[in-house]
Amino acid sequence: TGRITFYDPGSEIGACGKRYSSNQHIAALDPTLFTSARCFKSVRVSYNGKSVDVTIVSVSYGIPSNGLDLSRSAFKELAPLALGMFNATWVWL
């Protein structure tokens, strides 16, 4: 379980060395869990009976332990952007 937020990857290259957009189902992992070995691994995030699979592509230094920053498109699969953040369960696939 961790806090889920969203971010816009913009034109920056993520910590895994590639560029992505907000319409892709991607996520940035909290720095306590991130290693390059986790680049491009998938996780399933579940909240209120909904689930979305995302690919780890970067690290996010602004989130707590076990947190994930999802792309806008992935976040919207689970909740409206106006919610801003929520606690959800997630597992490695």
Worksheet entry | Contour excess over end-to-end distance, with Cα ends at Met85 and Asn48 and 0.36 nm allotted per residue | 12.0 nm
Discussion item. For Lys18, give me every one of the aspartates and glutamates with a C-alpha distance below 15 angstrom, ignoring sequence neighbours fewer than eight places off in its own chain.
Written reply: Asp8
Discussion item. Taking the alpha-carbon distance from Lys41 and a cut-off under 15 Å, which aspartates and glutamates remain once sequence neighbours fewer than 8 residues away in the same chain are dropped?
Written reply: Asp30, Asp53, Asp69
Discussion item. For a protection proxy built on the mean count of beta-carbon atoms within 10 angstrom, sort 68-74, 52-58 highest first, please.
Written reply: 68-74, 52-58
Worksheet entry | Reach of Lys50 by Cα under 15 Å, taken over aspartates and glutamates that are not fewer than 8 positions away in the same chain | Glu77
Worksheet item: How much length is gained if the chain between Ser11 and Lys41 is pulled fully straight, taking 0.36 nm per residue apart and subtracting their Cα-Cα distance, in nm to one decimal?
Response: 8.7 nm
Worksheet item: How big is the convex hull of the Cα atoms of the chain, per residue, in Å³?
Response: 80 Å³
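Read-outs: derived from the displayed coordinates by stated rules, not from any lab. Everything numeric here is computed off the predicted structure, so don't read it as measured data. Cβ sites come from the backbone with ideal geometry, for glycine too, and all protein chains shown count toward neighbours.
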